[in-house]
Amino acid sequence: MATIGLVSLESARAQGNLVVNGAFDSDFSGWMAYNCLWIGQGKPSGYVSLIMYPDAPASLSQTIYGLTIGNTYIVSGDYSNGSSTSYQNLEVSIDGVPYVTVAGTGQELNWSTFNFSFIAGSATMTLDIVGSISTMKGYWFIDNISMVAVPEPGSLCLLGLGVAGGLLFQRRKKGLQI
């Protein structure tokens, strides 16, 4: 029984973050970027600045592979309004369907977090982060983008049984030692 729990735990660890280079530690490789700049200081690691001009949105896009159709995934990340104008928007979408839309606050460098869940409709889907502005020039800062699978209840049950079995085995083993 402990083996089943360990196998479930290992497959949960192997799944991990499906986004490539979501922390932007040294650059924004793994992403298709338009009007973006990597910034290497200011947070513990790097982050990306979406540089927006009127009628010229900035975007980060990544195709995510290995999704399980019908499984639920959680997407999260950090963002900051990087300019003093409030005439800008940030949108996070999956395959063109918007899940998060944030309006600019006009307050610079106040980091916030977004998160949402979605159900995979295919094994490959595209994550888009788009910033747009209506007047002047604006910025959004983006960091720590993550997409992880929500464990199925059956997997959680197996994991719990495996851990409980392992603890019981350890306890019995210690009780038999003289």
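Quick grid of which residues meet (1) polar (S, T, N, Q); (2) surrounded by fewer than 17 Cβ atoms within 10 Å (Cβ to Cβ); (3) at pLDDT below 95; (4) in contact with a His (Cβ under 7 Å, 6 or more places away or on another chain):
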{"position": "101", "(1), (2), (3), (4)": "yes, yes, yes, no"}
{"position": "106", "(1), (2), (3), (4)": "no, yes, yes, no"}
{"position": "123", "(1), (2), (3), (4)": "no, yes, no, no"}
{"position": "131", "(1), (2), (3), (4)": "no, no, yes, no"}
{"position": "162", "(1), (2), (3), (4)": "no, no, yes, no"}
{"position": "165", "(1), (2), (3), (4)": "no, yes, yes, no"}
What residue, among those in the range 40-60 that are under 13 Å from residue 78 (Cβ atoms) and out of contact with any Cys (no Cβ under 7 Å at 6 or more places or on another chain), is modelled with the highest pLDDT? 47
Residue under question is residue 83, and the condition is that it be of a type in the set (Gly, Ala, Ser) and at pLDDT below 90; does it hold? yes
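The values are calculated or read from the model by the stated rules, or taken from the named source; none is laboratory data. As the structure is a prediction and not an experimental result, all values here were calculated from the model. Every residue, glycine among them, receives a Cβ derived from its backbone with ideal geometry; neighbour counts consider all protein chains shown.
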